[in-house]
Amino acid sequence: MTLPRPLPGDLAHPFSPRGLADPYPAYRWLRANDPVHFDVTSRMWLLTRHADCVLALRDPRFSAALGQRERVRQDDLPPSMLTTDPPEHQRLRSPGALLMGPAAVRGLAGGIADEVDALLAGLAGRAEIDATADIGEPFATGVLACLFGLPPADLPAFADLARRTSVNLDPLAGPQAASAGRTAMGELTAFLDARADRAAAIAGAASGDVPASPFGRLAADGRLSRAEMLGIASLAVVGGWKPLAEMVGNALHRLLPRPEAVEIVRGDGEAAVLAVDELLRLESPIPFTVRVTTQAVTLDGGTIPAGSRVLALISAANRDPDVFDRPDDLVVTRSPNPHLAFGAGTHLCLGAPLVRHAGAALLRGLLTGYPGLHAVGSPPVWSRSLVPRRLERFTLAP
Ligand code: HEM
């Protein structure tokens, strides 16, 4: 085995505080010089080329079940679709589409439009707006409330649970935070459990004053055990709420300094959807995902032994010049855009149709309703959180 190559001394490790602020120089160096890199700090293999990341996400020799198992929740729920490999994975994913698939999203268009309108109305008259606290988080809460059919009275408790469980995403979370995250996970499951029967009853009724929610359709489906069904529902909250909330600040940070791009996004719905993809390509809230090799795998840049932990560095792949023209620039009209911000292959993000639809609705609404929206105060800094990648204190003025 060849010895691991260290990063040149002037390049910050991408997971160090300095590297988190700007991981792209290190990713660029790795992609060009050591694309199959053994990182002595994390003891993981780092893949930075688009083609290698796609392979790791699609090839069954890279197991998601083994990769995610180290971070599996320590609650009573069975493995989720994110922590299983085929064929078990498909058994969980098919019913999961009832909650998050394209058909569910089509049925929610009106509800999401109402959520966006209410959120924008609430910003009127504000001198300063925090991108995450005032836009991203209420937006994510409103969108997921549509999925789960939650009444307004449930929203504060739901948002609190979603915020507290999201720590489960971050592999850098310390033991105390991780333990609090696991406790919150149990509370979230109980919260959803208490609402599932009513949601299923509404979905089962032939007609009713209250429309069926996607959660109700999932709860009434019957293909899964109750615990499996709740596992899918809670995965949507943990995997969806925070990344959706943080996508907003990340996107506005890149978009607002570019008036010509803002104009395009404001222009029409399809342009806004393309822009959501491009903004996710440039600053993905989920910068990597982990797999474990079930056997030795030889790639162009080296051989990864069996049983190795491998990070598919989505954020590096998304700027691979072999795939993307002007990889570091925002090109809001980019199409096709084969970015990996939603992953690829078997575990491709099931929430992607929802993110595209809701993200485009929010961006258009925001930029139309507040045409002068701009950043104020000191430039925002990137948080030390690895997952999701997010900004701290990004303040806007209307
Ligand atoms: C901007 C927001 C989001 C981003 C960047 C994102 C990204 C991702 C990525 C990269 C994966 C693949 C993980 C892997 O392969 O290991 C994934 C999986 C998943 N996401 Fe998302 N996600 C977002 C929002 C959502 C939302 C809102 C939901 C649900 C409402 C959701 C539900 C899921 C589920 C269920 C999976 C697992 C799919 C499977 O294992 O088959 N995501 N997401």
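Seen from every direction in turn and averaged, the convex hull around the alpha carbons of the range 17-397 projects onto 18.4 nm².
Here the range 17-397 is treated with +1 on each Lys and Arg Cβ and -1 on each Asp and Glu Cβ, and its dipole about the Cα centre works out to around 660 debye. Within the listed set SER315, SER378, SER234, the residue fluctuating most in the Gaussian network model of the chain (springs between alpha-carbon atoms under 10 angstrom) is SER378. Here the label points at ASP328 and ALA180, each 7 Å from Cα along the C-beta direction, are separated by 3.7 nm in the simple model. With each label modelled as a point 7 angstrom along the Cα→C-beta vector, the ALA103-GLU392 pair spans 4.6 nm.
Could the peptides 168-180, 188-200 be put in order, highest first, of the mean number of other beta-carbon atoms found within 10 Å of their residues? Let's see the in-between values first.
Numbers: 168-180: 15.0, 188-200: 18.7.
Descending mean neighbour count gives 188-200, 168-180.
Other residues whose C-beta falls under 12 angstrom from the C-beta of TRP241 contribute a net charge of 0, scoring Lys and Arg +1 and Asp and Glu -1. Reducing the range 1-63 and the range 301-333 to their Cα centroids gives an inter-centroid distance of 9 Å. Return the whole-Å distance between the Cα centroid of the range 168-200 and the Cα centroid of the range 226-270. Cα centres, the range 168-200 to the range 226-270: 21 Å.
Using per-residue counts of other Cβ atoms within 10 Å, averaged over each peptide, order 111-118, 144-151 from highest down. Let's see the in-between values first.
Details: 111-118: 16.4, 144-151: 20.8.
For the peptides 111-118, 144-151, the packing ranking is 144-151, 111-118.
Summing charges over all other residues whose Cβ lies under 13 Å from the Cβ of ALA272, with Lys and Arg as +1 and Asp and Glu as -1, gives -2.
Listed highest first by mean packing, meaning other Cβ atoms within 10 Å per residue, what order do 301-309, 362-370 come in?
Working: 301-309: 15.4, 362-370: 20.3.
Highest to lowest by the protection proxy: 362-370, 301-309.
The calculated FRET efficiency for the pair ASP300 and ASP10, based on their C-beta separation and a Förster distance of 25 Å, comes to about 0.40. Backbone amide hydrogens, once placed in the peptide plane, bring LEU391 within less than 5 Å of ASN250, SER383, excluding anything fewer than 5 places away on its chain. For the range 1-50, applying the loop criterion from DSSP together with a ceiling of 11 other beta carbons within 10 Å to the trypsin sites (Lys or Arg not before Pro) yields ARG43.
All of the numbers you see were taken from the coordinates with simple rules; none came from a lab. Note that this is a predicted model, so its numbers are computed, not measured. Glycine gets a Cβ as well: all are built from the backbone with ideal geometry, and neighbour counts include every protein chain shown.
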